[in-house]
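Comments concern the structure below.
The values are calculated or read from the model by the stated rules, or taken from the named source; none is laboratory data. Here the structure is a predicted model, which is why all the values come from computation and not from measurement. Ideal geometry is used to build each Cβ from the backbone, glycine not excepted, and the neighbour counts take in all protein chains shown.
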Amino acid sequence: MTMIDVVNKFEKGVYAVLMALLMVVIVVSIVDLALLLYKSWGITSHYLLETSVVITILGAFLLVLICIELLDTIKAYFSENTIHVEIVILLAIIAISRKVILLDPTGMSGIEFGVEMMGIGVIVICLAAGYYFLKKAGISVGPGKSEEK
């Protein structure tokens, strides 16, 4: 058994542990989302939710979605030994969308809020451009290879 084989087995073991831990995080996040929905609808009498509650629910929902996409990325690497760049970019887009939804400007000055929004805008434009060019090029990248579809 060569050193490369040992490293590859260690890497697979780390990915297996990460997948198991991420599954635990997903289950806990889903339970948290369900409890949040139950408490939110239980408090209101007309099944109308306040804006802050809806934002909190959307944040929890997007967190579960991010975890699922991350699990998919790790699963793809575990089974195919390739990193799907498209999934990683989509994951980043979902994460920055969650940040925008949960952004609370009350603790910031106008300048701080403006700078943060400009930074988020630049990130969104870069991610969207990267995703566009990746889809347009049709390139799939794996370890030590680059192939066009």
note = V7 passes all but one of the listed conditions (1) in the same structural domain as V122 (by TED's automatic domain parsing); (2) more than 30 Å from V115 (Cα to Cα); the exception is number (1)
query = Does segment 106-141 hold any residues that are modelled with pLDDT under 75 and either exposed (fewer than 14 other Cβ atoms within 10 Å of the Cβ) or in contact with a His (Cβ under 9 Å, 6 or more places away or on another chain) (or both), and which are they?
reply = S140, V141
message = I'd like to check something: does segment 64-80 contain any residue that is hydroxyl-bearing (S, T, Y), in contact with a Gly (Cβ under 7 Å, 6 or more places away or on another chain), touching a residue at least 60 places away in the same chain (Cβ under 8 Å) and under 29 Å from Y132 (Cβ atoms)?
response = no
key: Residue that is in a helix (DSSP H, G or I) and at pLDDT below 85, where the choices are V53, V64   = V53
remark   = For segment 85-117, the count of residues that are closer than 27 Å to A60 by Cβ, part of a helix (DSSP H, G or I) and over 16 Å from the mean Cα position of the chain (by Cα) equals 7
